[in-house]
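Working notes for the structure below.
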Amino acid sequence: MTFPRTSALLGVLPRLTTGISDGGHLGPHEVAKLLKAKETLERKFPQVMLQVVIHSFPADHPFGLHAFWVFNAASFAGDTHRGAENHTILLAVDPGRAEGALMVGYGLEPFVTREALDHLLELAGPAWKIQRWLDGILTVTEGLDRLLESVAVLDEAGAGDEF
């Protein structure tokens, strides 16, 4: 599936906020806690931008397709961070499906495996099944911290390219 075809299929992008777009699913205290976790991750890894989207998408298409579309259509990384310079991580959570998806920019793809991202989503799944959106998201952000740290350690040892 290509981005233009996905856009034609899914239509207009919902209104999203850069950083955290929770659609009213989190309370003010939860948003503050999530913002702190996001800022901590981005301070530790300044080249990374975490985007969290909590939104109920129509069920007539797979959630992964919606996540791919949002990641590309919303252009969270901006025009200056494209291709290998895109170190954006999108965590999308669909409360209607109690499901999440992780997408990473091309700049992170060589360092982060699909299996590792899927594992983080599996760890968050039980919290999302009982509608504890923040708990699941924090599980993912903590896992991303450990994952990116392991990549950085490998890079310092000369085992990989710098992201």
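Some observations on this one:
- One chain, two ends: Leu65 and Leu123. Fully extended at 0.36 nm per residue, the span grows by 18.8 nm beyond their Cα-Cα distance.
- Segment 89-141, accessible area per residue, ligands and nucleic acids excluded (1.4 Å, Å²): 43 Å²
- Here the extension length gained between Glu115 and Thr17 equals 32.5 nm, from 0.36 nm per residue of separation less the Cα-Cα distance.
- When all protein chains stay in place and ligands, DNA and RNA are ignored, the 1.4 Å accessible-area order of His29, His55, largest first, is His29, His55.
The values are calculated or read from the model by the stated rules, or taken from the named source; none is laboratory data. Not measured: the values here are computed from a predicted model. Only protein heavy atoms, including side chains, enter the accessible area calculation; ligands, DNA and RNA are left aside. Shrake-Rupley method; radii C 1.70, N 1.55, O 1.52, S 1.80 Å.
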